[in-house]
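Structure, as structure tokens:
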Amino acid sequence: GTAQIGVTGLAVMGRNLARNFARNGFTVAVHNRTASKTRALVDEFGDEGTFVAAESAAEFVAALERPRRLVIMVKAGEPTDAVIEEFAPLLEEGDVIIDGGNAHFADTRRRERELRERGIHFVGVGISGGEEGALHGPSIMPGGSAESYESLGPLLERIAAKAPDGAPCVAHIGPDGAGHFVKMVHNGIEYADMQLIAEAYHLLRSVAGYSPAKIAETFRSWNTGRLDSYLIEITAEVLAHTDEATGKPFVDIVTDQAEQKGTGRWTVQIALDLGVPVSGIAEAVFARSLSGHAALREASRTLPGPTAAPLGEADAARFADQVEQALYASKIVSYTQGFHQIQAGSEEYGWNIDLGSVAAIWRAGCIIRAAFLDRIRGAFDTQPDLPSLLSDKQFAEEIGAAQDDWRAVVAAAVHQGVPTPGFGAALAYYDALRAERLPAALTQGQRDFFGAHTYRRTDREGSFHTLWGGDRSEVSTS
Ligand code: 6PG
């Protein structure tokens, strides 16, 4: 075979990825279950590079140079297993199967193990950036063996997005499921970012009394500062858009029920298993799920709320500045939580993930790309064992400077009855982390009272139990 890479599964993501490889000078074998899609790709985009259209699985495998590199771009879940089973028997030792879908990292771990036993490398790759990213340069998060990255890395580096300093947004994340795990957390952070932006919008609309167009303008100006990011940029576009049919703001005619395909939910499920408090991401997932409970919301519409007047014009402008502070501070917390989860996953599974390089490859191409990520990269590069992003001097200073406004915004939201679970959870996390004493001591006392679950003391080693039902003397249980 002559093709350096093959792509099977030519829906929009697969097609665009194949075109990206071809546009970068690679010979690309393309294959799809229904061959008409393969032909359509070559007919339409054949002049962009060198494609080898394969009708059958055998033809596809034969078209690839050895060791074969075969990218699967099908729906995550059973379709992925089916395609692996179709191709694996045709492959030889040392060949590499690459799964570019949004797979669950536990599936990736299983597939990697099974294929390794058959002498085949399996690389689970997180790819972010949507359709446009796949075509023009995504952020790429490959897991799998170091050996497979040696063969695959140079190709991925060519097609990946380039950060402002020119570095390609791809790095070998770690063994087996590490790449898909990091992509999963990327999406969790994406949910949190989106929720925080939505809360900022809701407050500007309901408390400051701004129109969608004015909020678009506000976001555009925020986008020139420290919040500079793709999600803020597209939010301004969406808010400025007018519905053609009605002439109303687009955002007013869309059903307000957010959907999800599952990666944010996975992030929270796994965080619960790992014991990592990703409260901001969890609130973002819950906010989407609450929005979708139409009947429950309908039944609750008559519940009383506060009677508070929106702000006057002068106060509104000041409030908008405070919302920017609250948004930025909450965003720092989301990333703190997300990176904590990556750190915990890395320890649990022995992945040895370099957090600085994760931040580095999120600087361009992906949905959460932002100027901010270069600063996170800097923080982890300066101190790779940073206990938390909030321990970084600069982030600590910034969040400290934002806190008064952050509190004022959460207070205003509470007073005015505007739900801001993201801002609120982030602030609670911040306050809990910095607290000298938490009421967890009381929780321990309760547990010891009803279940003799024991507690530790601040002044002595060991574990203890108080005889709550007896004379309330303390016994050592260790
Ligand atoms: C990306 C996106 C991508 C996809 C999400 C959408 O990084 O390119 O995250 O993976 O658009 O899965 O997720 P929801 O449908 O769950 O919002």
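The values are calculated or read from the model by the stated rules, or taken from the named source; none is laboratory data. Since this is a predicted model, take the numbers as computed values, not measurements. Don't worry about glycine lacking a Cβ; one is built from the backbone with ideal geometry, like all the others, and counts go over all protein chains shown. Note: areas computed on protein heavy atoms with side chains; ligands, DNA, RNA excluded. Shrake-Rupley method; radii C 1.70, N 1.55, O 1.52, S 1.80 Å.
Structure data summary
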| quantity | calculated |
| --- | --- |
| Residue in the stretch 245-261 that is open to solvent by 40 Å² or more (accessible area, probe 1.4 Å), in contact with a Ser or Thr (Cβ under 7 Å, 6 or more places away or on another chain), more than 16 Å from the ligand (Cβ to nearest atom) and among the hydrophobic types (A, V, I, L, M, F, W, C) present | yes |
| Helices (runs of 4 or more DSSP H) fully within the stretch 359-478 counting 3 or more residues that are among the charged types (D, E, K, R) | 372-382, 393-416 |
| Residue in the stretch 341-350 that is outside any helix (DSSP H, G or I) and either among the small types (Gly, Ala, Ser) or open to solvent by 40 Å² or more (accessible area, probe 1.4 Å) (or both) present | yes |
| Neighbours by Cβ (under 9 Å, 6+ apart or cross-chain): first from the stretch 283-303, among the aromatic types (Phe, Trp, Tyr); second within 15 Å of the ligand (Cβ to nearest atom) and open to solvent by less than 80 Å² (accessible area, probe 1.4 Å) | PHE286/VAL268 |
| Of residues in the stretch 1-40 being open to solvent by less than 50 Å² (accessible area, probe 1.4 Å) and β-branched (Val, Ile, Thr), the one farthest from SER56 (Cα to Cα) | THR27 |
| Number of the exception - ALA160 against (1) in contact (Cβ under 8 Å) with a residue 40 or more places away in the chain; (2) under 21 Å from GLY264 (Cβ atoms); (3) within 16 Å of the ligand (Cβ to nearest atom) | (2) |
